[in-house]
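Colleague: Before I ask anything, here is the structure I am working with.
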Amino acid sequence: MTTASELATELQRIFGDAVDCVARSPRRLYVGVPPERLLEVFEQLRAWHPGFRLATSTVLDLREEIGVFHHFAINGESLVVTLKVMARKPDPSVPSLAPRIPAANWIEREMHDLTGVRFVGHPDPRRLVKAAAFPDVHPLRRDFDPVAFKEEIGEHLDY
Amino acid sequence: MSTSTTEPRAAGADDRSVVQIGPFHPLLEEPVGFELTVEGERVVAVDARMDYIHKGIERLAQQRTYDMIPILLERICGICSVTHSVCFCNAVEDLLGVEPPPRARYIRTIIGELERVHSHLLWVGLAGHFIGYNTVFMWAWKYREPVCDVFEMLTGHRQNSAIPLVGGVRRDLRVEYLPEARRVLDELDGQVRMLTEAVLDDPVLAARLRGVGVLTPQQVVDYGVVGPTARASGVATDVRRDDPYAAYGELDWQVITAPEGDVFAKAVVRLLELAESIKILRQAFDRLPGGDLSLGIRHVPAGEGIGRYEAPRGEDVHYVRSNGTNMPERLKVRAPSFTNIASFQASCIGASIADVTITLAACDPCYSCTERTIVVRDAAGGEARAVGDLIARSQRETRRIAAELGRPADLVLPAGGAR
């Protein structure tokens, strides 16, 4: 079994101060990563254990920047590793994991729909959860106002 | 003079058509659209449209208190209602670093396993229908009904119990119905055993489903496939064992796997899991401890937590971030079908149209798609075909194989028959 602190030590040995590891429990590791090193850290994770799969990713609006948190798990183990990258507004973008791991394809499209963060290098950046008729706004941004949106669009979108 | 607006026929793609599946079907709870590109009978590309009913639940959760959210999350899915509310509680309890009292953990286990039993039976029935085994459909759904009744007896509702609460459970089970619940389980045990044996012994089913819709273990990891769909490819992943929550760590049960990765293996895994769930339920009934129902959580400090839960369809993941107020700053919900459905990209390519229905159904998606199908057009400009009958094709294929084997195209009643 892999514990969060073992992996944190290993990542710090390789990447030094570039990564910010916080092991909140033996089964939960959170790693802050600068966007330009995300792919490198991801490859290191997979080199360390080939069983790492992308469980899902969270996107959230943190006012000055957009946070993209990739949650990785290993089948058969309790550890969940979260790689956190921050994308600065006004044109938030982070490197895409989708060319390297198919599981990232849909979730990155969803995150783009909800907050407008761009995934650079995504092979298929179409909408996923936002209907074609939905205007080009991002409903999970803090400045999104549902009441004003409804007044502008009306109750029903035309599909 | 022709007024046709069809595009010129593309060279080399004479036979290429686009088949639309979905988005609506009266049997199913959610709309999803699939677009199959086929060459003759072979599928060469699959695309999915998931944008029909985005409910905005994550944003709604950011406007609800921690006490209200489990009830909101029960509405994510009509089948796995307990799944999302307990998963959210697991996430907040991870943030707090607490574990609910024993009685609450056992109650969560009981309602979670009852849900798995009725969900798996639902799938077995639908899968039977898709390949023309309507006896299986009738049996499985008949057996499912008393399980939903037990759910209602114990919790007050057939689906949405409103029992999970951060730090425990909101109400006790109605323990006066436990003897009746045990009686139903005893009956179900025999029925499931018979159904499993009948399915395993049936040569037509094996011929029809072996080698169909195969996922390799590497594809399981690449696409992040979870639950019975992954376990049927020999990947032993089960949150109940890997990252134990509720009372699973204290009970005796097995993670069921099968190596083949095809639709038959997925059916076998689910059928055998039914027996494991019954085993878990019996132990939980026997050992249901007394004591508090809840820790009485009054405040959630700033922080973040990740909850995992083994839903009937696989690992459910919730991420919660708190800023110290009484509502979360962010709740991310990832249901297992999100990753399982995406694996169609791997399992459907190269399949024949007759196999697509059952392959799509094999990961037990929140379906919505599979029967009402229309071909919109022939992409290459050829003759427009109406395929209102993907299921009919699938059932025809079963009958063809049955005739070849000289067998009836439905499950044969074992000695004693169905009750």
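Colleague: Can you give me the Cα centroid spacing of segment B:190-247 and segment B:83-140 in angstrom?
Modeller: 16
Colleague: Run through the DSSP bridge list for segment A:4-128 and note the antiparallel percent, rounded to the nearest 5.
Modeller: Bridges in segment A:4-128 that DSSP calls antiparallel: roughly 75 percent.
Colleague: Please report, in cubic angstrom per residue, the volume enclosed by the convex hull of the alpha-carbon atoms of chain B.
Modeller: 149
Colleague: Considering only protein heavy atoms, with the full assembly of protein chains and a 1.4 angstrom probe, order A:Lys89, A:Lys150 by accessible area, largest first.
Modeller: A:Lys150, A:Lys89
Colleague: Please work out the Cα center distance from segment B:35-72 to segment B:255-301, rounded to the nearest Å.
Modeller: If you average the Cα positions of each part, the centres end up 25 Å apart.
Colleague: Would you please name the chymotrypsin sites (Phe, Trp or Tyr not before Pro) within segment B:77-157 that are DSSP coil residues with at most 10 other C-beta atoms within 10 Å of their C-beta?
Modeller: In loop regions of segment B:77-157 (DSSP not H, G, I, E or B), there are no sparsely surrounded chymotrypsin sites (Phe, Trp or Tyr not before Pro).
Colleague: For helix A:38-48, report the angle its Cα long axis makes with the longest principal axis of the Cα atoms of chain A; keep it between 0 and 90° and round to the nearest 10°.
Modeller: So the inclination is approximately 40 degrees.
Colleague: For the pair A:Arg46/B:Val98, report the inter-label distance in nm, with labels modelled 7 Å from Cα in the Cβ direction.
Modeller: Output for this residue pair reads 4.1 nm.
Colleague: I would also like to ask the following. Per residue of B:46-59, what is the mean number of Cβ atoms on other protein chains within 10 angstrom of that residue's Cβ?
Modeller: Mean inter-chain Cβ contacts per residue within 10 Å come to 4.
Colleague: Follow-up. Can you pull the one-decimal nm distance between simple spin-label points at B:Glu197 and B:Ala302, each 7 Å off the Cα toward Cβ?
Modeller: It works out to 6.3 nm between the two label points.
Colleague: Just to confirm the number: angle between the C-alpha axis of helix B:353-362 and the first principal axis of chain B, 0 to 90 degrees, nearest 10?
Modeller: 0
Colleague: Roughly what % of Cα-Cα distances in segment B:153-310 sit above 28 Å, to the whole percent?
Modeller: 37
Colleague: Turning to a different aspect of this structure: Could you state the per residue volume, in Å³, of the convex hull enclosing the Cα atoms of segment B:138-207?
Modeller: Here the figure is 119 Å³ per residue.
Colleague: Next up: Taking each residue in B:312-319, count the Cβ atoms of any other chain within 10 Å of its Cβ, then average. What number comes out?
Modeller: Whole-number average of other-chain Cβ neighbours for B:312-319 is 3.
Colleague: What do you get for GluC sites (Glu not before Pro) in segment A:64-159 restricted to DSSP loop and a cutoff of at most 13 other Cβ within 10 Å of the site's Cβ?
Modeller: Answer in residue order: A:Glu64, A:Glu155.
Colleague: Okay, next question. Taking the 0 to 90 degree range and rounding to the nearest ten, how far is the long axis of helix B:81-96 tilted relative to the main principal axis of chain B, both from C-alpha atoms?
Modeller: 50
Colleague: Taking the Cα centre of chain B as origin, work out the dipole magnitude from +1 charges on Lys and Arg Cβ and -1 charges on Asp and Glu Cβ, in debye rounded to 20.
Modeller: That gives a dipole near 520 debye.
Colleague: Please state, as a whole number in µm²/s, the translational diffusion coefficient that the Stokes-Einstein equation yields for segment B:242-352 at 10 °C and 1.306 mPa s, with Rh defined as the Kirkwood radius across alpha carbon pairs.
Modeller: It comes out at roughly 90 µm²/s.
Colleague: Shielding by partners for B:299-310, please: the mean number of other protein chain Cβ atoms within 10 Å of each residue's Cβ.
Modeller: Taking the mean over all residues of the peptide, I get 3.
Colleague: Quote the FRET efficiency, to the nearest 0.05, computed for B:Lys142 versus A:Ala133 with a Förster distance R0 of 41 Å and r equal to the Cβ-Cβ distance.
Modeller: So, using R0 = 41 Å, E works out to roughly 0.45.
Colleague: Which value at 222 nm does chain B reach when only helices count, each DSSP H run of 4 or more adding -39,500 (n - 2.57), with the total divided by all residues and rounded to the nearest 500 deg cm²/dmol?
Modeller: Roughly -14000 deg cm²/dmol at 222 nm, from the helical runs in chain B.
Colleague: With viscosity set to 0.890 mPa s and temperature to 25 °C, compute the Stokes-Einstein D of segment A:4-128, Rh being the Kirkwood radius across alpha carbon pairs; µm²/s, no decimals.
Modeller: Stokes-Einstein gives a translational diffusion coefficient of 167 µm²/s.
Colleague: Taking every alpha carbon pair in the protein assembly as shown, what does the distance histogram look like in 20 angstrom bins from 0, in percent?
Modeller: P(r) over the protein assembly as shown, rounded to whole percents: 20, 53, 25, 2, 0.
Colleague: Right, something else. How many lysine pairs does chain B hold where the Cα atoms are under 25 Å apart and the two sit 8 or more places apart or on different chains?
Modeller: 4
The values are calculated or read from the model by the stated rules, or taken from the named source; none is laboratory data. Predicted model only: the values in this text are computed from it and were never measured. Ideal geometry is used to build each Cβ from the backbone, glycine not excepted, and the neighbour counts take in all protein chains shown. In case anyone asks, the SASA skips ligands and DNA or RNA and just uses the protein heavy atoms, side chains included. Shrake-Rupley method; radii C 1.70, N 1.55, O 1.52, S 1.80 Å.
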